[in-house]
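Student: Sharing a structure here in structure tokens format.
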There are 2 protein chains.
Amino acid sequence: MTRRVDALSRERIVGAAVEMLDESGESGLTVRALAARLNTGLGAIYWHVTNKDDLLVAATDAVLTGALDTAAADPADTVRAVALGVFDAVDAHPWTGTQLPRLTSQLTTLKIFERLGRQVRALGVPAAAQFDAASALLNYILGVAGQNAALARSVAPGTDRATVLRSMSATWAALDQDEHSFARTVAGRLADHDDRAQFLAGIDLILAGIRALVPAPAPSP
Amino acid sequence: MTRRVDALSRERIVGAAVEMLDESGESGLTVRALAARLNTGLGAIYWHVTNKDDLLVAATDAVLTGALDTAAADPADTVRAVALGVFDAVDAHPWTGTQLPRLTSQLTTLKIFERLGRQVRALGVPAAAQFDAASALLNYILGVAGQNAALARSVAPGTDRATVLRSMSATWAALDQDEHSFARTVAGRLADHDDRAQFLAGIDLILAGIRALVPAPAPSP
DNA sequence: ACCTGAACACCGTTCAAGT
DNA sequence: ACCTGAACACCGTTCAAGT
């Protein structure tokens, strides 16, 4: 029997696309380069995939869907777990930070929104406020994702974040004192702050605001 | 004297770019089309502008910087005013929602961050927590900007949002009940919800969380 | 059914040459 | 100093033709 080691398929194409995106970012993924890596022609790709956008959506979904099946006992902790799942996935695959907000990736985003919304409901937020609360969490998470993607794209793939932050911190520290008094004050903290912890701090800020929406339980007798 | 009505300049180029972006989105702006609109050659553009990215950054900054000089008496209200300024600017020029998170637009983002940070400081947040609080506000604002940009890009420029929301609402309502119970519940609200109000609700959620960070003042005697 | 690769209709950017 | 426009090195996508 012949081993079709290299049988082409949608999965193999998407997998190779993810690898190329990880290695060289969004600009590194061209259909031609993808075909070359898979040892085929251009048309072969287009047989399995509608177009480049379809490919990007599939790649984003592949990376993020796996990141979502975390859970915790507490609804608040589950929110944190889901948020961190997205954060870590975007951290490992920075190009997803740009893809996620795109409407074509809406199905992936909807999965995140659904998980967040259920926790908001479980926290006891009144029905009328659930939509706003879940949206706030989602938008914050997507915002951080976008910023991290930008940060990662600004440096050669593989550069450690400490280097980037150090240089950014130096820039901020040199800013005009009058016009940028806050940025200058914060510059010192920027160099050695923990992105992940700061991300969680933001989640906790929103969760605190959400908790304030929950009506107080009847006082115990 | 000759009226040099059409003297080329960086400002005129950036202005024309903003118009083209407004009319036909990011994909509608090509250097060739821009040259044609300004009745010049390709090279003329590149004499005044480093490259296309430079142009996009300048266009984004032009649109957003004006949106930031709002103020209010209360720090919390100023946060709301700045946030709404960004929201409305992105609403009027959806392509900025995608540009803003890019690192090349960092200077524009820094202006927003600075304004937010000052209010956080004015609110009495302890120094150690100011960075996290200002970042949370910024990331939320950028997240909403990105989502609104995606929404706007999904329809022909000029389509009113109600139409988009109605179709999205219909999609959500048709989702599988088990897998998407939250999205389905919320679908009804989606059709007629006010984006701007929801955006502000998110800001208020974060502000509520931030207020909880402020140490209580000494009790009045 | 699946794949090939030439061809099409674009891009951003450069640069010798003009005024 | 400022502008022209041909040329370069790419793109994504299509499609007749092959197996």
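Student: Can you name every residue in region A:176-221 that is more than 8 Å from chain B (Cβ to nearest Cβ), within 23 Å of B:Gln106 (Cβ to Cβ) and more than 24 Å from the chain's Cα centre (by Cα)?
Tutor: Correct list: A:Asp176, A:Gln177, A:Asp178, A:Arg184, A:Ala187, A:Gly188.
Student: Determine the pairs where a residue that is at pLDDT 95 or above, located within region B:48-67, has a partner that is outside any helix (DSSP H, G or I) and within 16 Å of DNA strand D (Cβ to nearest atom) with Cβ atoms under 6 Å apart, the partner being 6 or more residues away or on another chain.
Tutor: B:Leu55/B:Val49
Student: Can you list the helices (runs of 4 or more DSSP H) lying wholly within region B:117-221 that have 3 or more residues being at pLDDT 90 or above?
Tutor: B:127-153, B:181-191, B:195-211
Student: State whether one or more residues within region B:28-38 are within 16 Å of DNA strand D (Cβ to nearest atom), over 19 Å from B:Gln99 (Cα atoms) and not in a helix (DSSP H, G or I).
Tutor: yes
Student: Would you confirm whether any residue within region A:25-40 is crowded, with 16+ Cβ neighbours inside 10 Å, of a type in the set (D, E, K, R) and modelled with pLDDT of 95 or more?
Tutor: Checked region A:25-40: no residue is crowded, with 16+ Cβ neighbours inside 10 Å, of a type in the set (D, E, K, R) and modelled with pLDDT of 95 or more.
Student: Which condition does A:Asp69 not pass, out of (1) charged (D, E, K, R); (2) within 8 Å of DNA strand D (Cβ to nearest atom); (3) within 14 Å of another protein chain (Cβ to nearest Cβ), if it passes all the others?
Tutor: With respect to (1) charged (D, E, K, R); (2) within 8 Å of DNA strand D (Cβ to nearest atom); (3) within 14 Å of another protein chain (Cβ to nearest Cβ), A:Asp69 is out only on (2).
Student: One residue is enough: does region A:96-107 have a residue meeting the conditions more than 30 Å from A:Asp160 (Cβ to Cβ) and either in contact with an Asp or Glu (Cβ under 6 Å, 6 or more places away or on another chain) or within 12 Å of DNA strand D (Cβ to nearest atom) (or both)?
Tutor: yes
Student: Which residue, of A:Ala76, A:Ala72, A:Ala59, is assigned to a loop (DSSP other than H, G, I, E, B), away from DNA strand C (no atom under 16 Å from the Cβ) and out of contact with any strand residue (DSSP E or B) (no Cβ under 8 Å at 6 or more places or on another chain)?
Tutor: A:Ala72
Student: Against the definition (touching a His at 6+ places or on another chain (Cβ under 8 Å), under 30 Å from A:Leu123 (Cα atoms) and more than 16 Å from DNA strand C (Cβ to nearest atom)), how does A:Val82 come out, yes or no?
Tutor: Working: touching a His at 6+ places or on another chain (Cβ under 8 Å): no; under 30 Å from A:Leu123 (Cα atoms): yes; more than 16 Å from DNA strand C (Cβ to nearest atom): yes.
Taking the combined requirement at face value, the residue does not satisfy it.
Student: Of the residues A:Arg161, A:Arg166, which is in contact (Cβ under 8 Å) with a residue 24 or more places away in the chain and under 27 Å from A:Glu19 (Cβ atoms)?
Tutor: Values: A:Arg166 fails: under 27 Å from A:Glu19 (Cβ atoms).
Of the residues listed, the single one that is in contact (Cβ under 8 Å) with a residue 24 or more places away in the chain and under 27 Å from A:Glu19 (Cβ atoms) is A:Arg161.
Student: Here is a further query. Pairs needed: first member in region B:6-18, within 20 Å of B:Thr96 (Cβ to Cβ) and part of a helix (DSSP H, G or I); second member anywhere, among the charged types (D, E, K, R) and more than 9 Å from DNA strand D (Cβ to nearest atom); C-beta distance under 6 Å; at least 6 residues apart or different chains.
Tutor: Close Cβ pairs satisfying both conditions: B:Ala16/B:Arg37.
Student: Within region A:36-44, is even one residue without any contact (Cβ under 8 Å) to a residue 12 or more places away in the chain, out of contact with any helix residue (DSSP H, G or I) (no Cβ under 7 Å at 6 or more places or on another chain), within 16 Å of DNA strand C (Cβ to nearest atom) and more than 14 Å from chain B (Cβ to nearest Cβ)?
Tutor: Yes: region A:36-44 contains one or more residues that are without any contact (Cβ under 8 Å) to a residue 12 or more places away in the chain, out of contact with any helix residue (DSSP H, G or I) (no Cβ under 7 Å at 6 or more places or on another chain), within 16 Å of DNA strand C (Cβ to nearest atom) and more than 14 Å from chain B (Cβ to nearest Cβ).
One line per residue, one yes/no per condition, for (1) touching a helix residue (DSSP H, G or I) at 6+ places or on another chain (Cβ under 8 Å); (2) under 14 Å from B:Leu205 (Cα atoms); (3) surrounded by 14 or more Cβ atoms within 10 Å (Cβ to Cβ); (4) of a type in the set (Gly, Ala, Ser):
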residue	(1), (2), (3), (4)
A:Pro126	no, no, no, no
A:Ala133	yes, yes, yes, yes
A:Ala150	yes, no, yes, yes
A:Asp192	yes, no, no, no
A:Asp204	yes, yes, yes, no
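Student: Sort out which residues of region B:159-175 are of a type outside the set (A, V, I, L, M, F, W, C) and more than 10 Å from chain A (Cβ to nearest Cβ), and write them in order of number.
Tutor: B:Thr159, B:Asp160, B:Arg161, B:Thr163, B:Arg166, B:Ser167, B:Ser169
The values are calculated or read from the model by the stated rules, or taken from the named source; none is laboratory data. Keep in mind that what you see is a predicted model, and the values were worked out from it rather than measured. Methodologically, a virtual Cβ is constructed for each residue, glycine included, from the backbone with ideal geometry; neighbour enumeration extends over all protein chains shown.
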